[in-house]
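Readers should treat all values here as calculations from the given coordinates under stated rules, not as data from a laboratory. Treat the numbers as computed from the prediction; the structure is a model and nothing was measured. No Cβ is skipped: glycine too gets one built from the backbone with ideal geometry, and neighbour counts run over all protein chains shown.
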Amino acid sequence: MIINIKKIKTIPFINQKQASMKKNLRLMKVCAVTGLALTSILADNAYVKAAGYSYTPATSFRSILQEKEISGTVKDSKGAALPGVSVQIKGTTKGAKTDGNGQYQLNAKQGDILIFSSVGFDSKEVAVGSSASLNIQLTESVRGLNELVVTALGVKKPAKSLTYSTQRLGSEELTTVKDANVMNSLNGKAAGLTINRSTSGVGGSVKVVLRGNKSAQGSNQPLYVIDGIPMTNYSTQQPNSTWGGNGTIDFMPGRDGGDGISNLNPDDIESVSVLRGASASALYGSQAANGVIMITTKKGKSGTSKVEFSSGYTMDKVTYTPKFQNSYGTSKDAATQSWGDAISGANDYTKDFFKTGNTWINSVNFSGGNDKAQTFISYANTHSNGVMPGNKLNRHNVTFRETAKFFNDKLTMDGNLSVISQNIDNGVVSGLYFNPLTGLYLFPRGADLLKYKNQYGLFDQTRQIELQNWPFNEDVQQNPWWVVNRNTSQAKRNRTLGSITAKYDITDWLYLQARGNMDRTNDKYDGQMYAGTNGVLAGPNGRYITSDLTTTQYYGDVMLNLNKTFNNIKLNALVGSSINDVRTEGMTADSYNGDLYVANFFTLQNMTTGSAITTVPNNHSQLQAVFANANLSYKDMVYLDLSGRNDWSSNLSYTPNFSYFYPAVGLSFLLHQMFNLPSAINYAKVRGSYAVVGNSVPPYVTNPRSRLGTVGGTFAFNTIAPFDKLKPEKTKSLEIGTEWRFLQDRLTFDFTYYKTNTINQYFQIAVPPGTGYSFRYINAGNIQNTGLEIMLGFNVIKTSNFKWTTNLNYSHNKNTVLELAENIDQFILTPTNSNTFASIIAKGGSYGDIFAKALVRDASGRIKIGDDGKPQVTSDVVFAGNPNPKWQGGWSNTFNYKDFTLGFLVDGKFGGKVLSMTEAVMDKYGVSARTGEARKNGGVVINGITDDNKEVNKIDAATWYGVLGGRDGVSGEYLYDATTVRLRELSLGYSIPSKALGKGVVKSLRLSLIGRNLWYISKKAPFDPELAMSTGNGLSGVDVFGLPATRSYGLSLNVGF
């Protein structure tokens, strides 16, 4: 556009020249706003010069059109600098973040709107003026008043409206000291959450229990939900006996088949919310009877584009090994044991076996977008070498998420696709079989073990193949290096998670949402036991185990959500329906009952007759539901929450109970809104809720059928009677709590009391002969959990340069078995079989009580000694203890000084008893330190009495431990206090100031020293009680030559671009 100054008309105002100049100057300002400033400036300059006037504009139009560097400091209302505040240019993808000193810098034009936002503070919009400096003060938002939390079905609600207890953990709490399994990062941080990690090494699964065990036969693990959609978390296999086993036979490696939650990339997670009670999770129905772990993943954000890279490297070392005696050698009459003559010393060969492990977790992500569309793309690689030789993990995670708005922002589409590829080599097994630690720990003291390391196999001239080099022939022990090199395995998992959500805003108070999800997991396992493996465990030519299993879940839901205000009453309601369809298919094969035609050739066609090659039954279950929820509030003071859900479960087909309904009701009062409380109290709430949650049964138990056998040409007849009156398990939950916040949210307090009763448990019991069946199912039982949960947070110090935040959590749970079935007083979780202990649910006891054989004592507690000079042992197992802690707690602290951040977490589990079969077997073999000390002291000092009332003060060590030790000994003598207090996490980080980084590509850079499980402040058991041999219901609190816990320390790097 060209402006012809000759055609500009004059106006009668003082004089024509001045009036024309002022008019043209006003025109120049208008043109600057509309993008025509350049031509206007030319015109003005020409006219002013022609008229002989001089004029200097107050505002440079070059400064209006061109970007300039804007910098400043963001502080809170008390003047303390705020790090990590997001600074975005409204309507664009440009942005920055404040550094550790609250300082920021970015390029912007005059007139741009900057949006300052941070969690816990109200957002603020400020226009860029002529100054290059812009300092901002943000106002703290009271969490209880304004914070939105993610609730069931992914619906966001104000925290003040909730009638139950929840806890949210942010991304920083999960990734500062990162673990390959994100659930391990929650340990010690959430009240009421008990986490036990598997002893299976890298890539292992976790056992997670919220508010105590509830179900005798079903799962006690919570439901995992990703962005409102349930995910599968099944495991292909868990050890089920002290031998190991797979739930069918004992002569299988006791391997951990992994779980679903362990596959996720921690850097993809925005937050994790723990929904503990039935009221919080009732809308998910029978899947959520044990609580819900809600995972919210990251997505692109409007107004900013950024690339983030993180890298973490840790080294792992075992934290403990058994204590050995070094004074006595091989027995003369039992070459495998160490009850022989005195020796001058012995080596600790655990140092020659265990390695220094290491874990690399590298991830990179891109996020960006505008008001209409946002994108998030990430890639992560996790590579880990375990402390056990040959144990490796390699995992790739790729995620793509796109969110977009259409039709004048009425329709929001959100698509998410994640692909996971994971390989685990030589996963660590638990139990006596296929375990390298048995041979390592039991090897006779004083003998040379290293010659079997350097030559674990010897060439056999007769067979012309390599066979195991080991001096003993016992099924419970092999050459440790033969096991790790010739009893190998590979577990491969390929998983795809895809979801799409469509949300349409019908009005500003009503929307319709539909979601669909697919979660497909394929697990392949190959195990090769070479010829020369112990004959109890493999055939002469070796053994081949393989499986190929695929589980696919399809989930879909649709719901209508209303949020409307009627004068003093607010209504937030939803109604919807969902369907969850799960199918499992595949095959398994094992040459155990046959052999291999050709030695060490591991293929299906090389399996001989008798080998089990099985097509897994196509298990198919479906859950359909309708649900509704209404949350009513009056003047933001009183909240009433009502929920109802009805499920139709295919697993309850052939019964009149396949449809079941359960309600939930909650009420809360905001006391600070209702009463004039002291100024120090800025938030006070009391709440209570009651809910009933159902739980279905496994598929096909209501109408069992006969099937083809595992060996070709055979038939497996059903021996379980149909149960056409089977009812769903139900949990009734009562919860009462209160929340208080003081001193402008600096001090927070949360208290919860709960009580749950789980009824209609289903049990398998034996039936009288002549019925045609061996077993049948019944509904019975009442398992009760009562407990307290307390959370306390305090911002102790908050200045411009220094901040100290501390958080405490405490939880106590009491589990009581009120009743089982008529004429049944106990249910076996782990049978004794050839052991002398069992895990039992007994009336009047607690879930998972350990029963074990014990020494017989008289009324004064003295040990009864028999005529043979040996201690007397009970004929049957008796109650010995319970592995669950009486209470647990965590204490986390974060210190910020300028650009430095120091954080640590101390947590503990107090009470409970755990059993070590490792110690028992080592005593039997005479290799433990206590057996050596006893021999040095001339025997074991006891308080004993014979049948003819003669006191016995000392007994021969070999005699004593020959009775007490071993898997067939007196297991009750090998229970230990499970109390453990540890320094779980430690981190020291430094953020490079943004001014030091300048205007380069790198916008933020942080380097940290990190450590996990660095120090046992107190540990009374010979192993870490937090480690679990199995993540199932059985074997709780039992150690059978499990992999020791590890101590990790290393570096992490976070870079923002």
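Just in segment 318-353: which trypsin sites (Lys or Arg not before Pro) are loop by DSSP and have at most 12 other Cβ atoms within 10 Å? All intermediate terms of the calculation are to be shown ahead of the outcome.
On the way: sites: Lys323, Lys332, Lys351; in loops: Lys323, Lys332.
Passing sites in segment 318-353 are Lys332.
Please work out whether segment 429-470 counts as rounded, prolate or oblate from its C-alpha gyration tensor, where a ≥ b ≥ c are the square roots of the eigenvalues and a/c under 1.5 means rounded, while otherwise a/b larger than b/c means prolate and anything else oblate? Please list the in-between numbers first.
Values: a/c = 3.09, a/b = 1.47, b/c = 2.10.
It is oblate, given that a/c is not under 1.5 and a/b is not larger than b/c.
Segment 595-633 and segment 480-514 have Cα centres lying 18 Å from one another. Cα centroid separation, segment 823-882 to segment 956-988: 16 Å.
Could you tell me the calculated FRET efficiency between Ile249 and Ala842, based on Cβ-Cβ distance and R0 = 25 angstrom, to the nearest 0.05?
On the way: r = 28 Å, r/R0 = 1.10.
So the FRET efficiency works out to roughly 0.35.
Can you tell me, using C-alpha contacts under 8 Å and at least 6 residues apart, the relative contact order of the chain as a whole percent? Could the numbers behind the result be given before it?
Values: 2985 pairs, mean separation 111.2, N = 1057.
Computed value for the chain: 11 percent relative contact order.
Across all Cα pairs in the chain, the calculated P(r) in 20 Å bins from zero up to the longest distance comes to 11, 38, 32, 13, 4, 2, 0 percent per bin. Straightening the chain between Ala373 and His396 buys 5.6 nm, computed as 0.36 nm per residue apart minus the Cα-Cα spacing.
What FRET efficiency do you get for Glu822 and Leu510 if R0 is 45 Å and r is their Cβ-Cβ distance, rounded to the nearest 0.05? It would help to have the intermediate numbers written out before the result.
On the way: r = 52 Å, r/R0 = 1.16.
With R0 = 45 Å, the Cβ-Cβ based efficiency is 0.30.
For segment 67-141, the Kirkwood estimate of hydrodynamic radius, built from reciprocal distances between every pair of different alpha carbons, is 12.1 Å.
Between Leu1051 and Phe407, full extension at 0.36 nm per residue minus the direct alpha carbon distance yields a gain of 227.1 nm.
Our summary gives segment 67-141 a relative contact order of 37 percent, counting only alpha carbon pairs under 8 angstrom and 6 or more residues apart. Among rounded, prolate and oblate, which fits segment 755-877 when a ≥ b ≥ c are the square roots of the eigenvalues of its C-alpha gyration tensor, a/c under 1.5 means rounded, and a/b larger than b/c means prolate? Oblate, because a/c is 1.5 or more while a/b does not exceed b/c.
Do any trypsin sites (Lys or Arg not before Pro) in segment 715-768 lie in a DSSP loop with no more than 14 other beta carbon atoms within 10 Å, and if so, which? Each step should come with its number before you reach the end.
Numbers: sites: Lys725, Lys730, Lys732, Arg741, Arg746, Lys755; in loops: Lys725, Arg746.
Listed in order of number, the matching sites are Lys725.
Taking label points 7 Å from Cα along the Cα-to-Cβ direction, Ile113 and Val952 give a separation of 8.8 nm.
For Phe879 and Asn619, calculate 0.36 nm times their separation in residues minus their Cα-Cα distance, and state this gained length in nm to one decimal. Display every interim value, and only then the final one.
Details: separation 260, 0.36 × 260 = 93.60 nm, distance 3.82 nm.
Taking 0.36 nm per residue and subtracting the Cα distance, the gain is 89.8 nm.
Can you tell me the 0 to 90 degree angle between the C-alpha axis of helix 37-51 and the longest principal axis of the chain, rounded to 10? Roughly 30 degrees between the two axes. Oblate is the label for segment 185-224, because a/c, from the alpha-carbon gyration tensor with a ≥ b ≥ c as root eigenvalues, is 1.5 or above and a/b does not exceed b/c.
What percent antiparallel are the DSSP beta bridges of the chain, to the nearest 5? Could the numbers behind the result be given before it?
On the way: 377 of 392 bridges.
Beta bridges within the chain, antiparallel portion: roughly 95 percent.
Cα centroids of segment 726-776 and segment 666-681: 31 Å apart.
May I ask you to list the trypsin sites (Lys or Arg not before Pro) in segment 997-1057 that are in a DSSP loop and have at most 13 other Cβ atoms within 10 Å of their Cβ?
Here the trypsin sites (Lys or Arg not before Pro) that fit, given the DSSP loop and packing criteria, are Lys999, Lys1020.
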